[in-house]
Amino acid sequence: MVNIIVVFSSQKDGINIRNLLMRHGHNVVTVCTNGAAVSQAVDQMEGSDGIVVSGYKYQDMTYSDLLADLPDTWQMIVMASPGNLSHIFEYNVIKIPMPVKVYDLFTTLQAIETTIMRRRKKRREKPKERSSAERALLEHAKSLLMETKNMSEIEAHRYIQKCSMDNGTNMVETAQMVIEIYSQA
């Protein structure tokens, strides 16, 4: 689920939006009346992503000040009068005119949530980069296998790969085991 923070200068407006979103199954983390509280909430969810549903101006700053403080992984929806929306020029802010049409809000939220979920999936699927020490460890394990078992480099790599899958360990841990076993032999 995608985290949503609601921020409006009026606590009543924020609570009404939160209730509306929660009734339709959205995960509203908190309701704030100032930008500092939003920044603090985002910092507490370190490394997370989400959506800020906000008004144009809060007690301590405007949407643009808050936008500058948000990490790139967070999206912003600004709900304001058409006059205030005409002053928003940032490309990464989604504008919804007030009075809000519930359908517009939900279709916009759904589109953003889909994008965020897609990004999360891409990040998870992206293979981790090995450090130089880990690469050196794998190369050492492969060279030991090549010397003691007369394997080619490709065969040694596949051997380590297969053992790591069979044992449920990552390749670096398996390489360490290979080094321990074949260094003693």
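The values are calculated or read from the model by the stated rules, or taken from the named source; none is laboratory data. Keep in mind that what you see is a predicted model, and the values were worked out from it rather than measured. Here Cβ is always computed from backbone atoms with ideal geometry, including for glycine, and neighbour counts include all displayed protein chains. The area values use the complete protein model at the heavy-atom level, side chains included, leaving out ligands, DNA and RNA. Shrake-Rupley method; radii C 1.70, N 1.55, O 1.52, S 1.80 Å.
Here the Karplus relation 6.51 cos²θ - 1.76 cosθ + 1.60, evaluated at θ = phi - 60°, turns the backbone of the stretch 44-49 into coupling constants of 5, 9, 3, x, 9, 10 Hz, with x for every Gly and Pro. For a label point 7 Å from the Cα of Met98 along Cα→C-beta, name the residues of the stretch 1-32 whose backbone N is under 13 Å from it. Output list for this probe position: 7-17. If only the Cβ of Lys and Arg carry +1 and only the Cβ of Asp and Glu carry -1, the dipole of the chain around its Cα centre is close to 660 debye. Bridgeable aspartates and glutamates around Lys101 (alpha carbons under 16 Å apart, same-chain partners fewer than 8 residues away excluded): Asp13.
Rolled with a 1.4 Å probe across the full set of protein chains, the surface gives His24 an accessible area near 110 Å². Straight-line cross-link reach from Lys12 at under 19 Å between alpha-carbon atoms covers these aspartates and glutamates, not counting any fewer than eight positions away in the same chain: Asp60. Of the solvent-accessible surface of the chain, computed with a 1.4 Å probe and all protein chains present, 51% belongs to carbon and sulfur. Semi-axes of the equivalent ellipsoid for the chain, computed as √(5λ) from the eigenvalues of its C-alpha gyration tensor and ordered from largest down, come to 53, 15, 14 Å. Listed values for the stretch 30-37 are Karplus-derived 3J(HN,Hα) couplings in whole Hz (6.51 cos²θ - 1.76 cosθ + 1.60, θ = phi - 60°), namely 7, 10, 10, 10, 9, x, 4, 5, and x replaces Gly and Pro. Put Met79, Met146 in order of accessible area, highest first, and with a 1.4 Å probe you get Met146, Met79. About its Cα centre, the dipole of the stretch 51-106 is roughly 280 debye, where the only charges are +1 on Lys and Arg Cβ and -1 on Asp and Glu Cβ. May I ask which residue of Gln44, Met146, Met79 lies farthest towards the positive end of the charge dipole of the stretch 44-159, with charges of +1 (Lys, Arg) and -1 (Asp, Glu) on Cβ and the Cα centre as origin? Checking the options against the dipole of the stretch 44-159, the answer is Met146. Taking GluC sites (Glu not before Pro) across the stretch 79-185, the ones in a DSSP loop with at most 13 further Cβ atoms lying within 10 angstrom of their Cβ are Glu90, Glu129. Take every Cα pair under 8 Å whose residues are at least 6 apart in sequence, average their separation, divide by the length of the chain, and the relative contact order is 14 percent. In summary, the stretch 28-132 shows an alpha-carbon radius of gyration equal to 1.20 times the 2.2 N^0.38 Å reference for compact globular proteins. Dividing the convex hull volume of the alpha-carbon atoms in the stretch 113-185 by its residue count gives 99 Å³ per residue. Once the chain from Asp69 to Arg120 is taken as fully extended at 0.36 nm per residue, the excess over their C-alpha distance is 16.2 nm. For Lys126, the lysines whose Cα comes closer than 21 Å to its Cα, not counting residues fewer than 8 places off in the same chain, are Lys162. R0 = 35 Å: FRET efficiency of Thr169 with Gln44, Cβ-based, nearest 0.05? In this case the efficiency is close to 0.55. With all protein chains kept in place, the per residue accessible area of the chain amounts to 61 square angstrom at a probe of 1.4 angstrom.
So, how do all the Cα-to-Cα distances of the stretch 1-44 break down into 10 Å bins, in percent, from 0 on up? Whole-percent P(r) values from 0 Å outward: 32, 53, 16.
Among beta bridges from DSSP that stay inside the chain, the antiparallel ones total about 5%.
For the chain, the mean residue ellipticity at 222 nm estimated from helices alone is -18000 deg cm²/dmol, where every DSSP H run of n ≥ 4 contributes -39500 (n - 2.57) and the total is divided by all residues, rounded to the nearest 500.
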